[in-house]
Amino acid sequence: MKFKAFTIALLGTTLLAMGPTGAAFAETAGRARSFDSEVASAKAAMMGDPEAALAHARAATELSNGISHHSERAIAVATGEWLQSEALMRVNKPAEGRKLADQGLATVTRLAPRTKLNGDLLKARAAIEVLMGSVQPALTDFLSAYDIYRSLGDTRSQAIVLQNLGSLYLDARDYERSLRYYQQANEVHSADPVLALTAHNNRGNAFKELGRYKDAEAEFQLALTAAKASESDLLQARILSNLASAQMLEGKLDQAESTARLGLRISQRAAVGWEPYLWGVRAQIALARGDLGGARALIEKTFAGVELEHSTAPYRDFHDTARQIYIRAGDAPLAFRHLAALKRLDDEAREVAATTSSALMAARFDAANQETRIAKLKAERLTREADLAASRQRVQQLTMIGSIGLLTALTIFTIGFFAYRAIRRSRNRVAEANVKLNHAARHDALTGLPNRRFIRELLHDALSVQPKRSCALMLIDLDRFKSVNDTLGHEAGDALLLEVGNRLHEVLPEGAFAGRLGGDEFAAIVQDVEPAKLEEIAGSVVEALSAPYPVVGATATIGASIGIATAESEATTVDLLTRNADLALYCSKHQGRGKYTHFVPAMLDEADERRRMEADLRVALTEKQFSIAYQPIVDAERNEVVAFEALLRWNHPTRGEVSPERFIPVAEDAGLIRGIGEWVLRTACAEAARWPEHVKLAVNLSALQVEADGLLANVLSALAHTGLAPERLEFEVTESVYLREGPATGKTLEALKSLGVGLALDDFGTGYSSLGYLQRAEFSKIKIDRSFVKAAANGCQESLAIIQAIISMAKGLGMTTTAEGVETEAERKLVRDLGCTLIQGFLVGRPERAEHSDSPAVAEEAVELKVPVRRRTSRAA
């Protein structure tokens, strides 16, 4: 429901000092005054009324043609072209504006390079390039403009560029960095009401995206005050829509409604083009209040006259609102159209974020960037070496003068002494610079630990020592670190990584080396330690790194997985030892994380088998080796089939039937699960569309599928092409989806639920802190793992109590329960008597493949199935 409103375009309001204006236009003083007047009017109207600004800019360009002096006329024309390009960008005609900016730059680069007008044209073209999606050229132009402004001492224009860069990061969804750029802009130049307005508005947008709605509201209030002072109705209407959105997200619905109505009054008076967005905010407020009828009427006003297939970015969040409204109103086709538009705009936004190349901007502007530090040190070294060369040259010159006899021996000695001291100082400075450069090149900039290159050097040295000493390499991967960055921000992530380095220093024995390989990957080299002691060290590392971290006013908790390899006869090189430790780390992560594992030779065979299976999987999908088996789920009381679970099967030409437990993890690691999952969804929905309407389809989703882009679009496509109603589709997810939860996980599950698709939590109780996950998504079903069913039937009182607790909790939350793995009559009777809603297992039906295109065909009466399940429930009756 977030409404990412506009980012105000920025414009410098002072022109290039073009020499004595009277001389420039001496031929016609009236014409000169008219030109100056039109330029001033264009600049004054630029933010509040860009159409009027365009008219004034064109008039100024026409007037400039009357100037007789060629170069002065050309500069005046370029000034008009700059103003026109700025105005055309604001009235959404970027292609025309880009052409004029190019023309102006061609003139100014030739006649007045590195002047303010040169910078202004570069800045204008950069803003147009951003609007047209050409981010890389825009960065080049912004940086060139910034250098020009800095050389001229124009702090206001420097601040404008910094604000534009902040807006680029805002579009790239790097909100913390965007705030830093806005702060830098304020530090460079703060005494300007126009810049203050844009800064407050843009900071408000960044805070809103970070979920800091109170801070966002405060910034928008300050921007509104500045907009009122500017007497621009358009600016006031725009900022009021932002303010109303922030107030709504804070839960201040009455205030938000009042703010939006005020914005509408102003918009209807003098800013008609902004009305749809204010109607949209009011629709969001009505939906938050539960007023479905009012929300629908308002959202229809928002999209009146808008082609949904060609809507623009400001409508993005209103598409999401419309989707929710129409789903609740039962208008699925219209909801699907808005969902498709939402997906299209999200894809476009991701593409913009990807092409922004934040690494490039960071390398240019962020002082903490390691490459910048190294470049600076190199420059220092070159300077010192130049000083040293100059000192040597001076000594040679002075010595030659002395040899001619122009100086006495004492003078020669004195000059030589001081020259020697100068050379020594220069040499010392060069040596110091080289030490700094060498250290920066071999150490991580954030933690100060040895980097990947230096760790390899240290490992090589350790393996080269004679006589041989025992040497172990630990590869350490942080678990759930990504969620810290996503939820608390990169500042918190950096603080956590710094603390990880400190904890490694504390827990590793004396003589060991710790290093950061990059991202959330660390390493440790431990020598002369017995295997038992090595396990003790690894356990201490896991324990130390898993303790809570106080970071940026919050507490973060992560874990660590470790792979250990020791230098033996088969691993005596850096590459072999690293490979073995990496294989051991892979096993640790796949055993549930938070563990340490020693390398054993069998891991090589397993790795080879994974590579072969990955290659086979790539062929399997194209050669139609996959199939789907359907297992029935029946009502515990009526013994009627209510759903089938779609289960993937792989019949390999030489391997035969391959268990999903074997090939699914390989498919996930190889990035193949998305393609396979799309095929399963499309095929299963086509089968289910032939079933009676009361029978649902259950499809399993892995955590990687939930995280991946495009899941919603794939679901939408499968439902649209097969005609299967959304309420007949149910996705089963396990608790692992929350262990590797990305920023989009919750939104994806919420969006699926909003479509009408059901969500079931599978294998409940077997994993982690399960109860908390029930509040993370609106699950409609809990599946009780078969291990509890079997143990309870065999008399285990603990498992019996767990099943009773799950069923009781599910009833309280309005959920159904499915008992998995029911294989005997005793088990069926047990779970039914305990109150379980549904039953699944071999007793009521084994998974079976569809045998022809019309299957599985489900009989309307009872649970008699033609295909794929035979008469199973009759045995259970």
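Computed quantities for the displayed model
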item	result
Residue check, residue 537 modelled with pLDDT of 90 or more and in a strand (DSSP E or B)	no
Number of positions in the range 140-156 that are surrounded by fewer than 21 Cβ atoms within 10 Å (Cβ to Cβ) and under 29 Å from residue 312 (Cα atoms)	2
Long-range neighbours under 7 Å by Cβ, at least six apart or interchain, first residue within 15 Å of residue 170 (Cβ to Cβ) within the range 194-211, second charged (D, E, K, R) and surrounded by fewer than 23 Cβ atoms within 10 Å (Cβ to Cβ)	205/4; 207/215; 208/2; 209/2; 209/4
Index of the failed condition, residue 304 passing every other in (1) surrounded by fewer than 18 Cβ atoms within 10 Å (Cβ to Cβ); (2) in a helix (DSSP H, G or I)	(2)
Criterion: surrounded by fewer than 24 Cβ atoms within 10 Å (Cβ to Cβ), over 24 Å from residue 161 (Cβ atoms) and free of Cβ contacts under 8 Å to residues at least 60 places away in the same chain - qualifying residue of 259, 225	225
Residue in the range 738-752 that is free of Cβ contacts under 8 Å to residues at least 12 places away in the same chain and either closer than 19 Å to residue 779 by Cβ or out of contact with any Cys (no Cβ under 7 Å at 6 or more places or on another chain) (or both) present	yes
Test: residue in the range 595-605 that is more than 27 Å from residue 462 (Cβ to Cβ) and more than 30 Å from the chain's Cα centre (by Cα)	yes
Test: residue in the range 84-96 that is of a type in the set (Gly, Ala, Ser), surrounded by fewer than 18 Cβ atoms within 10 Å (Cβ to Cβ), more than 25 Å from residue 34 (Cα to Cα) and touching a residue at least 60 places away in the same chain (Cβ under 8 Å)	no
Helices (runs of 4 or more DSSP H) completely within the range 660-759 that count 1 or more residues being more than 27 Å from the chain's Cα centre (by Cα) and closer than 21 Å to residue 627 by Cβ	660-669, 673-688, 711-722
Hits in the range 228-238 - residues which are part of a helix (DSSP H, G or I) and in contact (Cβ under 8 Å) with a residue 60 or more places away in the chain	230, 233, 234, 235, 238
In the range 473-490, residue farthest from residue 212 (Cα to Cα) [restricted to those that are out of contact with any strand residue (DSSP E or B) (no Cβ under 8 Å at 6 or more places or on another chain) and not polar (S, T, N, Q)]	481
Filter pass, residue 758 being surrounded by 17 or more Cβ atoms within 10 Å (Cβ to Cβ), at pLDDT 85 or above, in contact with an Asp or Glu (Cβ under 7 Å, 6 or more places away or on another chain) and under 28 Å from residue 326 (Cβ atoms)	yes
Output for the range 639-659, where each listed residue is within 23 Å of residue 607 (Cα to Cα) and assigned to a loop (DSSP other than H, G, I, E, B)	653, 654, 655, 659
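The values are calculated or read from the model by the stated rules, or taken from the named source; none is laboratory data. Just so you know, these numbers come straight off a predicted model, no measurement behind them. We place every Cβ from the backbone using ideal geometry, glycine too, and count neighbours over all the protein chains shown.
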